[in-house]
Amino acid sequence: MGGFFGAVGKSDVISNVFYGTDYHSHLGVKRGGVAAYNAEDGLQREIHNIENSPFRTKFADIFDDFSGCSAIGCISDSDPQPLLIRSKLGKYAICIIGKINNAEDLIKDYLDEYGAHFDTLSGSKVNLTELVTALINHRDTFAEGIRFAQSVIDGTASILILQEGGKLIAARDKLGRIPIIIGKGEDGYCVTFESFAAYKLGYKPLRDLGPGEIVEISADGVEVLMPALEEMKICSFLWTYYGYPASCYEGVNVEYSRCKNGEIMAKSDAEEIKNYNIDYVAGVPDSGTPHAIGYARESGIPFARPFIKYTPTWSRSFTPSKQSERNKVAKAKLLPVEHFIDGKNLLFVDDSIVRGTQLKGTVDFLYENGAKEVHIRSACPPIFYSCKYLNFTRSTSEMELIARCIIVELEGEEGLKYISEYADGTTVRGKNLRKKMAEKFHCKTVEFQSLDGLCKSIGVDKCKLCTYCWTGKE
């Protein structure tokens, strides 16, 4: 994934951008970057690898090196950014969030048409931020160029630009799959992915940009360069998994939505769960925890934390490139609380079940520490499709998705014609999928939140939510 934060004001904003960018560290662990502008030094930039050290450690000297009344920062899980660009549109710094599926075609078209060149990374890979910049430069203004770039990109691209002169340009992706929020402070404005970052730094959230909306921001105000488009498909997984609990997107708080999701699951599960004498409801930390709190509150079953994650020295478990290392890190984090495990019937709520490897390790860990029975609940429906629009999962093949693998095990490729039946826990195929998954995890039962239940917990009109990873429908 990735995230960005920018600010412009009538006084120095480096401190705000430093902390504002750091507040996006949960969205990526590969690189961090900051660019700033002042009249004396012009555009300044610094990029660091943050795979083994957090953003704030690598950028601790920024207060000595940078100054300016406007700056942008980004956390990236892909290419180095922001880039500093000199083009017919002027000098500027740029960073992007998103995913470009047709990058190779766009690169070829650009090279064939203009005979130009790109700087390349290792493996002859082109920095996708540079590709977006080349597309923007096809037009005579930033607004026209951004709108053109987003029209030809298959995927998602939200863009933040710091112009020489100090003004910012922010552009939300054309379908609004990821948020951009504008905040207003005492002497300027900020632009951020995470709304809580604005609030914590003294900005009052002004509004969310609409899908495809492009604005120019100065210390004196916000000017709309391109109006919002009609259609929205914001990513539902923001509320389920990768959005930060304190943030609000489209006016809906993440933590509240997750608790509500758990309540909805408990209501639909009420009859079945009576048969299992559950001692405690627990969440798979971190994002599973509020779902479990909602489930416990609605069901009346006590909430507990049968294991604790040791996080001070461990990065998020999905970050290593090798699955074996991700599994090792995930297991190393788990510290049992035997009082809540030994001899107990436990119901664990996870935010999602993707590959299932870490969840199986968690279930095995619970049995190793004396659990009597383990039941698993997923706060979203079975995932049958890899996301085409955002880089928040490392799945390289849809056959890495456990729900899809089980279908093929049960019926072969022919079974993929009946995905909608497998998604529905009331059908024969749906029950078979859940039974087979429980066998694989060595747990008593597995159940999933319904798509309607998930959308209800978010509270945004269903037609405005992207649910591709569950339905395959764009």
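Please treat every number below as a calculation from the coordinates, not as lab data. Just so it is clear, the structure is predicted and the values come from calculations on it, not from any experiment. Here the Cβ positions follow ideal geometry from the backbone for every residue, glycine too, while neighbour counts run over all protein chains shown.
Using equal-weight Cα scatterers in the Debye expression, the normalised intensity of the chain in log10 at q = 0.08, 0.10, 0.11 Å⁻¹ is -0.50, -0.76, -0.91. Using every pair of separate Cα atoms, the Kirkwood estimate puts the hydrodynamic radius of the range 2-232 at 17.3 angstrom. Out of the trypsin sites (Lys or Arg not before Pro) in the range 1-63, which ones are loop residues according to DSSP with at most 16 other C-beta atoms within 10 Å? Loop-located and lightly packed - LYS10, LYS30. Counting other Cβ atoms within 10 Å as a rough exposure proxy, the listed residues PHE193, PHE55, PHE340 run PHE340, PHE55, PHE193 from fewest neighbours to most. Rounded to the nearest 5, the antiparallel percentage of DSSP beta bridges internal to the range 2-232 is 100%.
Taken about its Cα centre, the chain carries a charge dipole of roughly 1120 debye when the Cβ of each Lys and Arg holds +1 and the Cβ of each Asp and Glu holds -1.
With respect to the chain, whose longest principal axis is taken over its alpha-carbon atoms, helix 323-333 is tilted by about 70°.
Our coupling estimate for the range 238-254, obtained by passing each phi through the Karplus curve with A = 6.51, B = -1.76, C = 1.60 and θ = phi - 60°, is 3, 7, 6, 9, 9, x, 7, x, 7, 8, 10, 10, 6, x, 10, 6, 5 Hz, Gly and Pro reported as x.
Against the longest alpha carbon principal axis of the chain, how many degrees, from 0 to 90 and to the nearest 10, is the axis of helix 103-114 turned? Taking Cα atoms only, the helix is inclined about 20 degrees.
Please report how far the C-alpha centroid of the range 287-312 lies from that of the range 396-458, rounded to the nearest whole angstrom. Computed from Cα coordinates, the inter-centre distance equals 24 Å.
On full extension, the segment bounded by LEU111 and LYS417 gains 106.1 nm, given 0.36 nm per residue less the C-alpha separation. Using the Cβ of GLU474 as centre and a radius below 12 Å, the other residues enclosed give a net charge of +2, where K and R count +1 and D and E count -1. A rounded overall shape is assigned to the range 257-471, the ratio a/c of its alpha-carbon gyration tensor axes (a ≥ b ≥ c) being less than 1.5. Placing R0 at 30 angstrom, the Cβ-Cβ distance between HIS48 and LYS309 gives a FRET efficiency of 0.70 after rounding to 0.05. Beta-bridge orientation, the range 257-471: approximately 15 percent antiparallel, per DSSP, counting only bridges with both partners inside. Each stretch of four or more DSSP H residues adds -39500 (n - 2.57); spread over every residue of the chain, this sum gives -9000 deg cm²/dmol at 222 nm. What is the range 161-239 by shape, rounded, prolate or oblate, if you read a ≥ b ≥ c off the alpha carbon gyration tensor as root eigenvalues and call it rounded for a/c under 1.5, prolate for a/b larger than b/c, and oblate otherwise? In terms of gyration-tensor shape, oblate. Qualifying GluC sites (Glu not before Pro) in the range 1-68, where qualification requires a DSSP coil assignment and no more than 15 other C-beta atoms within 10 Å, comprise GLU40, GLU51.
Between the Cα long axis of helix 288-299 and the first principal axis of the chain there is an angle of about 50°, rounded to the nearest 10. In a DSSP loop and with at most 13 other Cβ atoms within 10 Å, the GluC sites (Glu not before Pro) in the range 163-204 are GLU186.
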